[in-house]
Ligand SMILES: *Cc1c(COP(=O)(O)O)cnc(C)c1O
């Protein structure tokens, strides 16, 4: 098996152990983050049987995946990076899930475009838990109103919450906070945990972990 395939296997085992230890079942789904990766690396993951991938730019995702869609009908593509409203049309066409819903203008654009294309993409609302000015995401204070705007006014399928904790802080308190926020809003899914902290995320109830370098090696 390729090293990419082996890495996915190792991560799956670790996620299973961490989720079990935290009392969570099933373990989180692995979103293999293929941004900046080579076609060879992507192919290795596909050949290992992996089908769930994440990208953070619409254009790069099109380059990576447009030609592979037909060959892999069970592919699931997750948009994990910021989405500009002028890219919404292409995003709705290509992706299956959005993890970065974070403002009303985007919610409205997604609503209109999904209706136009007859597609339904479940969305995670991104929360800026560290209140970092440079980071995307809804503030904790605005979250409740924003989620009801998305659900009730826009009729979007809000499936869960997503966060990216501040790089220099331990992740666990943020993961616990995200889980509590989701529970309070009746949201089931939690997109949290990356290469450095996916076991912590699994131990705190993540349902989706977004993992790039631990699968593919360092980004180009
Ligand atoms: C790049 C990226 C990841 C994956 O990062 P790694 O540390 O390589 O696992 C996860 N989430 C988001 C939002 C990203 O942009």
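Only the coordinates and a few stated rules stand behind these numbers; no lab work does. What you see is a predicted model; the values in this text were computed from it and never measured. All Cβ positions, glycine included, derive from the backbone under ideal geometry; neighbour counts span all protein chains shown.
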- Message: If you average the alpha carbon positions of the stretch 1-46 and of the stretch 155-220, how far apart do those two centres end up, in angstrom?
- Response: 15 Å
- Cα radius of gyration and Dmax for the stretch 40-149 (Å): 15.0, 44
- Item | Packing-based exposure ordering (other Cβ within 10 Å, fewest first) of 55, 47, 177 | 47, 177, 55
- Message: So if I take the alpha carbon set of the chain, get Rg, then get Rh from the Kirkwood formula, what is the Rg over Rh ratio?
- Response: 0.95
- Message: I'd like to compare 97-104, 178-185, 16-23: which one has the highest average count of other Cβ atoms within 10 Å, and what's the full order after that?
- Response: 97-104, 178-185, 16-23
- Subtracting the Cα-Cα distance from 0.36 nm times the residue separation, let me have the gained length for residue 185 to residue 47 in nm, one decimal. 45.8 nm
- Just round it to a whole percent: the fraction of Cα-Cα distances in the stretch 122-220 exceeding 18 Å. 46 percent
- Cα gyration tensor shape of the stretch 129-174, rounded if a/c is under 1.5, else prolate or oblate by comparing a/b with b/c: prolate
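To make sure I understand, if each residue's beta carbon is the centre and we count other beta carbons within 10 Å, what order do 197, 74, 169 fall in, fewest to most?
Ranking 197, 74, 169 by Cβ neighbours within 10 Å, fewest first, gives 74, 169, 197.
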